[in-house]
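**Q** To start, I am sharing the structure in question, which I have written as structure tokens.
The values are calculated or read from the model by the stated rules, or taken from the named source; none is laboratory data. This structure is a prediction, so every number in the text was calculated from the model and none was measured. We place every Cβ from the backbone using ideal geometry, glycine too, and count neighbours over all the protein chains shown.
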């Protein structure tokens, strides 16, 4: 299991929080502060999973997600969307149609983050298993 997480979020505090929580479980966490930076980091070294914020300047999370899934070298990397708790109904529908691996609403608990990351990685290890 690839225990590297790439956290793409324009809020450095979120990246640091993910690092603090997940390093205790033996994960390494890299941060990227924009979609473009995240795509570049993924092309350098593909992570086991991506945590992707939706609300970012320049290239938002949905555009970043589309580019990840359009790249043959990156399309199989699981993506967990980070979204604010007040997400609109349209955004939730768009997420379902996009087929993301999972999502977490901010603010999240350490336990929720650990469970979601491990669930997505376990599903990847067992092809044909759907993440619920």
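**Q** I need the full set of residues from the range 1-17 which are assigned to a helix (DSSP H, G or I) and in contact with a helix residue (DSSP H, G or I) (Cβ under 7 Å, 6 or more places away or on another chain), in order please.
**A** As a first pass, look at the range 1-17 and keep what is assigned to a helix (DSSP H, G or I): 12-17.
Result: no residue meets the conditions.
**Q** Moving on to the next point. Return the residues of the range 80-107 that are modelled with pLDDT of 65 or more and assigned to a helix (DSSP H, G or I); say none if nothing qualifies. Spell out how you get there, then give the answer.
**A** The first filter runs over the range 80-107 and keeps only residues modelled with pLDDT of 65 or more, leaving 80-84, 98-107.
Once the filter is applied, which keeps residues that are modelled with pLDDT of 65 or more and assigned to a helix (DSSP H, G or I), the range 80-107 yields only 98.
**Q** So, one more: Within the set of pairs 6+ apart or on separate chains, which have a first residue in the range 21-33 that is at negative phi and in contact (Cβ under 8 Å) with a residue 60 or more places away in the chain, a second that is part of a helix (DSSP H, G or I) and surrounded by 19 or more Cβ atoms within 10 Å (Cβ to Cβ), and C-beta atoms under 8 Å apart?
**A** Hits for this filter: 21/113; 22/113; 22/117; 27/117.
**Q** If we keep just the residues of the range 37-53 that are in contact (Cβ under 8 Å) with a residue 24 or more places away in the chain and out of contact with any strand residue (DSSP E or B) (no Cβ under 8 Å at 6 or more places or on another chain), which is farthest from residue 64 (Cα to Cα)?
**A** Going through the range 37-53, the residues in contact (Cβ under 8 Å) with a residue 24 or more places away in the chain turn out to be 37-39, 41-43, 45-53.
The next check asks that each one be out of contact with any strand residue (DSSP E or B) (no Cβ under 8 Å at 6 or more places or on another chain); those that pass are 39, 43, 46.
Working: 39: 7, 43: 13, 46: 15 Å.
Among residues in the range 37-53 that are in contact (Cβ under 8 Å) with a residue 24 or more places away in the chain and out of contact with any strand residue (DSSP E or B) (no Cβ under 8 Å at 6 or more places or on another chain), the one farthest from residue 64 (Cα to Cα) is 46.
**Q** I'd like the residue in the range 18-27 that is outside any helix (DSSP H, G or I) and touching a helix residue (DSSP H, G or I) at 6+ places or on another chain (Cβ under 8 Å) and, out of all such residues, is surrounded by the most Cβ atoms within 10 Å (Cβ to Cβ).
**A** Residues of the range 18-27 that are outside any helix (DSSP H, G or I), as a first pass: 24-27.
From the residues that got through so far, the ones that are touching a helix residue (DSSP H, G or I) at 6+ places or on another chain (Cβ under 8 Å) too are 25, 27.
Details: 25: 12, 27: 22.
Ranking the candidates gives 27 first.
**Q** Still on this model: What number of residues within the range 35-53 are under 13 Å from the mean Cα position of the chain (by Cα) and either under 21 Å from residue 116 (Cβ atoms) or assigned to a loop (DSSP other than H, G, I, E, B) (or both)? Show your work before the answer.
**A** Of all residues in the range 35-53, those under 13 Å from the mean Cα position of the chain (by Cα) come to 35, 38-39, 42, 46-53.
Remaining after also requiring either under 21 Å from residue 116 (Cβ atoms) or assigned to a loop (DSSP other than H, G, I, E, B) (or both): 35, 38, 42, 46-53.
Total satisfying the criteria: 11.
**Q** Residue under question is residue 56, and the condition is that it be over 15 Å from residue 104 (Cα atoms), assigned to a loop (DSSP other than H, G, I, E, B) and free of Cβ contacts under 8 Å to residues at least 60 places away in the same chain; does it hold? Even if it seems obvious, please write down each step before you answer.
**A** Values: over 15 Å from residue 104 (Cα atoms): yes; assigned to a loop (DSSP other than H, G, I, E, B): yes; free of Cβ contacts under 8 Å to residues at least 60 places away in the same chain: yes.
Yes; evaluated as a whole, the condition is true for this residue.
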